[in-house]
Amino acid sequence: MQLPIEIVLPPEKAGHGKTRHHHGGEFVSPQIVKIRIELWSPTEAYIFYFDQDGNELNDLMYESLERAIQHVEWEFGIQVNRDTTE
């Protein structure tokens, strides 16, 4: 598996995924169009979320690369290709 894993979401999957964000009691809907998964150590993998301008919107830490990949697959209903970065 090549790292980092970069995923450009197809238009029908772009948006906010299954996660709902609230700010000040109101629902906000960031337009996530790209995801990057990085392994920082054997026990730290990060998911970074980006908008169409390349701005980082959020990040999440998981205890393993596999758990981070599983989260992205669940959240956006996609299959992450574990063999390549595309």
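Can you work out which of the residues in segment 5-15 that are surrounded by 14 or more Cβ atoms within 10 Å (Cβ to Cβ) and at pLDDT 90 or above is farthest from Ser64 (Cα to Cα)? Among those residues, the one meeting the criterion is Leu9. On inspection, Ser29 passes the criterion of being of a type outside the set (Asp, Glu) and at pLDDT below 80. Counted as qualifying within segment 16-82 are the strands (runs of 3 or more DSSP E) with 2 or more residues that are in contact (Cβ under 8 Å) with a residue 12 or more places away in the chain, on the phi < 0 side of the Ramachandran plot and surrounded by fewer than 18 Cβ atoms within 10 Å (Cβ to Cβ), namely 34-41, 44-50, 56-62.
The values are calculated or read from the model by the stated rules, or taken from the named source; none is laboratory data. Note that this is a predicted model, so its numbers are computed, not measured. Backbone-built Cβ (ideal geometry, glycine too); neighbour counts: all protein chains shown.
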